[in-house]
């Protein structure tokens with residue numbers, strides 16, 4: 001049995017609100033006079049709590065990067081309000097920049113410099129220098145397994161090493177909150193799983209709050225404590241991965257019986273945890289909260305009632321189904337606009353990660 | 001706080017010291033002009049024999065030979081050519097997202113611009129002084145014309161020479177930096193720079209004396225920043241005879257150009273670095289977001 005994270009588990013301590021976004025909107029000015037601007041983010045509200053890994057999940061062009069840009073003061077919101085550790089991003093951008101770390105989608109380390117030089121120069125941009133800063137840089141590089149390559153030019157780094165360096169650079173000024181924009185874009189599955197480990201280790205060792213965007217469903221599912229699902233510039237659901245999946249009504253058990261067998265519906269409906277039973281030819285689709293435990297019970301019950309069971313499957317809900325349920329379109333059908341005004345930043349750009 | 005700006009200068013320095021190729025490309029044209037054009041195009045040889053050297057010298061505002069006159073012009077030209085590369089770094093930083101990362105830190109937007117100006121402006125001086133050294137060296141090569149200067153050069157003269165070279169460097173570094181901030185692509189940057197390079201050089205007195213030009217051209221040449229700098233530099237080396245104004249007047253004019261270009265660059269830089277808003281800033285922030 002797959003052991004998932006306990007549903008609805010929240011630590012007992014009061015949760016500090018680190019990021020508070022209220023009805024954020026971003027409308028890019030029209031490129032041609034007379035045309036309407038592009039609505040990239042259309043009134044999103046959410047809160048990120050201290051110490052959690054919060055994921056912004058959505059297809060390319062959903063408005064994820066624009067939201068990060070607003071929260072990190074690179075873009076001024078058209079309307080709405082956001083605070084980072086209680087500081088308003090529009091009113092005091094300079095103070096907000098000190099509070100957060102930011103890792104971009106693209107590698108932004110200077111290729112002609114070594115990993116360590118990149119770290120120390122970034123520290124200097126925050127006004128930090130000296131032996132303490134060097135020691136902290138070394139510690140971060142070691143934690144990211146870059147100690148042995150710290151004094152090599154970044155252009156000799158592999159893709160995974162570059163992502164780790166970006167993470168280390170983003171942490172050099174000891175922020176308590178870090179924004180990661182598509183942190184594992186372009187990494188192979190192994191590299192991605194490895195990178196999740198580094199993110200978790202930073203969170204656990206430094207009590208870091210992580211805000212990340214991703215368009216990988218498995219990344220949101222396995223790495224994030226909570227997820228906001230965003231599509232066409234709007235947040236359409238927020239919750240833990242399990243809460244979101246449970247919102248679909250839990251597991252699906254499919255019981256297939258031999259043709260001509262009696263109808264097991266009344267029997268199934270009487271079992272604990274079952275919410276609905278629908279019949280598709282000889283297969284009965286059972287929505288239930290406890291798929292695995294229902295397998296022996298339903299097979300045994302049906303057999304005892306003289307029903308010939310020929311097959312049984314249990315499907316756990318996936319975030320893909322959640323997405324389909326919430327948006328009405330499947331996750332991979334990216335950038336299908338609902339209407340003329342709902343197109344968002346990266347629509348029509350098929351390349352992953354946009355321009 | 002100077003540390004953030006210093007960090008950016010350090011970054012540029014480390015990049016430059018590891019790949020100083022642009023010094024070579026920046027030096028190439030002035031050196032070729034010195035060893036080919038300057039040697040061949042000796043105006044003094046056109047004078048009939050028997051004409052006293054003072055005639056030529058007065059036509060060349062006191063320079064002992066055409067080559068000496070020309071070499072000082074090439075010092076200024078070397079600065080301008082080197083400055084032409086000033087704006088390239090900022091375009092690559094924009095394209096690679098490095099600029100966006102810098103802008104996400106608390107460093108002030110002005111520091112980003114000023115650190116570029118200080119570093120690039122200083123670098124631009126290097127080719128200028130290398131040209132001086134090279135031209136002086138040529139004087140000791142047999143059968144080759146070289147730069148010869150009079151004996152009476154004072155510390156003030158030398159200082160005046162350096163200040164003129166420095167202000168010229170800053171002026172053109174700022175001008176080309178402003179193109180860098182405004183341009184989105186390296187092609188459009190070099191498009192503009194290539195169009196400007198020859199007109200800027202040819203409407204100056206770097207290669208030939210103003211006195212042989214038609215009157216309409218003389219006006220343009222008179223206010224060209226290269227001419228102003230070259231006037232001051234020649235006055236430092238060859239004396240002040242034959243000039244309409246004192247050296248400080250030319251220096252003041254040059255300074256005015258420098259201020260104008262720095263202001264222009266500041267304007268374009270702050271437009272490009274501003275998040276959201278206007279057209280320049282808008283396109284950058286759009287680039288950030290996409």
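A quick yes/no check of all residues on (1) under 30 Å from residue B:89 (Cα atoms); (2) more than 14 Å from chain A (Cβ to nearest Cβ); (3) touching a residue at least 60 places away in the same chain (Cβ under 8 Å):
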| residue | (1), (2), (3) |
| --- | --- |
| B:101 | yes, no, no |
| B:118 | yes, yes, yes |
| B:122 | yes, yes, no |
| B:138 | no, yes, yes |
| B:150 | no, yes, yes |
| B:156 | no, yes, no |
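Being closer than 17 Å to residue A:120 by Cβ and either in a helix (DSSP H, G or I) or in contact with a strand residue (DSSP E or B) (Cβ under 6 Å, 6 or more places away or on another chain) (or both) is the requirement here; does residue B:7 meet it? Answer is yes for this residue. Cβ-Cβ contacts under 7 Å between residues 6 or more apart (or on different chains), taken from a first residue in the stretch B:214-225 that is more than 15 Å from residue B:249 (Cα to Cα) to a second residue that is not in a helix (DSSP H, G or I), are listed as B:220/B:203; B:221/B:203; B:221/B:204; B:221/B:205; B:221/B:213. The set of residues in the stretch A:128-144 being within 15 Å of residue A:169 (Cβ to Cβ) and more than 14 Å from chain B (Cβ to nearest Cβ) consists of A:136, A:138, A:139, A:140, A:141, A:142, A:143, A:144.
Checking each residue in the stretch B:81-103 for being surrounded by 24 or more Cβ atoms within 10 Å (Cβ to Cβ) and part of a loop (DSSP other than H, G, I, E, B) picks out B:84, B:86, B:87. The conditions of being at pLDDT 90 or above and part of a helix (DSSP H, G or I) are met by residue A:124. Number of residues in the stretch B:28-80 that are assigned to a helix (DSSP H, G or I), without any contact (Cβ under 8 Å) to a residue 40 or more places away in the chain and in contact with a helix residue (DSSP H, G or I) (Cβ under 7 Å, 6 or more places away or on another chain) equals 2. Exactly one residue out of A:199, A:178 is within 19 Å of residue A:224 (Cα to Cα), within 17 Å of the chain's Cα centre (by Cα) and assigned to a helix (DSSP H, G or I): that is A:199. Scanning the stretch A:42-72 for residues that are assigned to a strand (DSSP E or B) and within 10 Å of chain B (Cβ to nearest Cβ) turns up nothing.
Away from chain A (no Cβ under 14 Å) and surrounded by fewer than 18 Cβ atoms within 10 Å (Cβ to Cβ): does that describe residue B:30? Here the answer is no, as residue B:30 does not meet what is asked.
The values are calculated or read from the model by the stated rules, or taken from the named source; none is laboratory data. Treat the numbers as computed from the prediction; the structure is a model and nothing was measured. Virtual Cβ from ideal backbone geometry, glycine too; neighbours counted across all protein chains shown.
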